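Student: Sharing a structure with you now.
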Amino acid sequence: MDLSFGASPNQKDSATTLAYNKLRLLILTGDLAPGEKLKISALREKLGTGASPIREALSLLVSDQLVVRHEQRGFRAAETSRENFDEILELRCSLEAKALRKSMQNATGKWEENLVLVHHRMTKLAAERSDGFEREHKNFHMALIGNCQSPLLLRFCSQLYDLNIRYRYLAGRSSTYKGRAIEDEHRQILDAALSSDEEKAVKLLVSHYEVTGGFLMAHIT
């Protein structure tokens, strides 16, 4: 399952980068359960790498809010809760609505062309049921807001996306919910963005997240 989303920490040490990506994937997909103690010895065996890269990777994941460091007690995978998910959903809707408005206000031909290209790749991989869909799904949502000219805002939105993905996998479901036309929702958001209909695009994006949030909330204990 490809959940790298093209992201990696800013590290020269390739072993640390590899450990980071592997641990991040295990946490996002729930293979390392919420609250699970992350023992260096066990992770060395699981990942087939040294203790130092794992410690560095865990420290990076602390900043991603996927891992918690306890003094004298080591590391644990971050806990999950309905309250935490509700906060993630609220922040996503608020911050991405702001980012999308800015992105559309700064619209250029290059941004529009990239948005169409990313949407095409995502749609193609969805039809093929490819593992690469998850990567392109995030790329599409980030492309929508990627023209906002606010690196810090984009970083927050990217982090919130990943935290939301974790809940989706913990709910035991894929991105395509029974009876829901996800592809149509993406197309409508794209069309509104390309037609410069700011209010409609923001409304559709927020609704897209709220519908997903309502589904996941029903599966979070």
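The values are calculated or read from the model by the stated rules, or taken from the named source; none is laboratory data. Keep in mind the model is a prediction, meaning the values are calculated, not measured. Here Cβ is always computed from backbone atoms with ideal geometry, including for glycine, and neighbour counts include all displayed protein chains. Please note that ligands, DNA and RNA were not included when accessible areas were found on the heavy atoms of the full protein model with its side chains. Shrake-Rupley method; radii C 1.70, N 1.55, O 1.52, S 1.80 Å.
Student: Report whether or not Ala107 is in the same structural domain as Ser207 (by TED's automatic domain parsing), in contact with a Ser or Thr (Cβ under 8 Å, 6 or more places away or on another chain) and open to solvent by 30 Å² or more (accessible area, probe 1.4 Å).
Tutor: yes
Student: Tally time: how many residues in segment 21-78 are in contact with a strand residue (DSSP E or B) (Cβ under 6 Å, 6 or more places away or on another chain) and of a type in the set (D, E, K, R)?
Tutor: Adding up the residues that qualify gives 4.
Student: So, one more: Any residue in segment 40-54 that is open to solvent by 40 Å² or more (accessible area, probe 1.4 Å) sitting within a Cβ distance under 9 Å of a residue that is part of a helix (DSSP H, G or I)? List the pairs, counting only those 6 or more apart or interchain.
Tutor: Taking only residues 6 or more apart or on different chains, the pairs are Ser41/Ala51; Arg44/Ala51; Arg44/Ile54; Lys46/Lys22; Lys46/Leu26; Ser52/Ala15; Ser52/Thr16.
Student: Go through segment 101-127 residue by residue and tally those that are under 20 Å from Ser158 (Cβ atoms), touching a residue at least 12 places away in the same chain (Cβ under 8 Å) and either in contact with an Asp or Glu (Cβ under 8 Å, 6 or more places away or on another chain) or of a type in the set (Val, Ile, Thr) (or both).
Tutor: Going residue by residue through segment 101-127, those that are under 20 Å from Ser158 (Cβ atoms) are 101-104, 106, 111, 114-115, 117-119, 121-122, 125.
Now restrict to residues that are touching a residue at least 12 places away in the same chain (Cβ under 8 Å): 101-104, 106, 111, 114-115, 118-119, 121-122.
Applying the additional criterion that residues be either in contact with an Asp or Glu (Cβ under 8 Å, 6 or more places away or on another chain) or of a type in the set (Val, Ile, Thr) (or both) yields 101, 104, 118, 121-122.
Qualifying residue count, segment 101-127: 5.
Student: Quick one: which of Glu112, Glu79 is in contact with a Leu (Cβ under 9 Å, 6 or more places away or on another chain) and open to solvent by 20 Å² or more (accessible area, probe 1.4 Å)? Spell out the reasoning first.
Tutor: Details: Glu79 fails: in contact with a Leu (Cβ under 9 Å, 6 or more places away or on another chain).
It is Glu112.
Student: If the Cβ limit is 9 Å and pairs must be 6+ apart or interchain, which residue in segment 128-157 that is not assigned by TED's automatic domain parsing to the domain that holds Glu183 and surrounded by 17 or more Cβ atoms within 10 Å (Cβ to Cβ) pairs with which residue that is at pLDDT 95 or above and in a loop (DSSP other than H, G, I, E, B)?
Tutor: So the pair list comes out empty.
Student: Hey, another quick one. If I ask for residues that are part of a strand (DSSP E or B) and exposed (fewer than 15 other Cβ atoms within 10 Å of the Cβ), which ones from segment 24-39 would you list? So that I can check it myself, show each step before the final result.
Tutor: Within segment 24-39, the first condition is being part of a strand (DSSP E or B), and the residues that meet it are 37-38.
Across segment 24-39, the qualifying residue is only Lys37.
Student: From Ile165, Ile182, grab the single residue that is of a type in the set (Val, Ile, Thr) and within 16 Å of the chain's Cα centre (by Cα). Break it down into steps so the answer makes sense when it comes.
Tutor: Details: Ile182 fails: within 16 Å of the chain's Cα centre (by Cα).
Checking each option against the conditions leaves just Ile165.
Student: Residues that are touching a strand residue (DSSP E or B) at 6+ places or on another chain (Cβ under 6 Å) and modelled with pLDDT of 95 or more: which helices (runs of 4 or more DSSP H) entirely in segment 87-184 hold 1 or more of them?
Tutor: On the way: elements: 109-127, 133-145, 151-170.
Once the helices (runs of 4 or more DSSP H) in segment 87-184 are filtered for at least 1 residues that are touching a strand residue (DSSP E or B) at 6+ places or on another chain (Cβ under 6 Å) and modelled with pLDDT of 95 or more, nothing remains.
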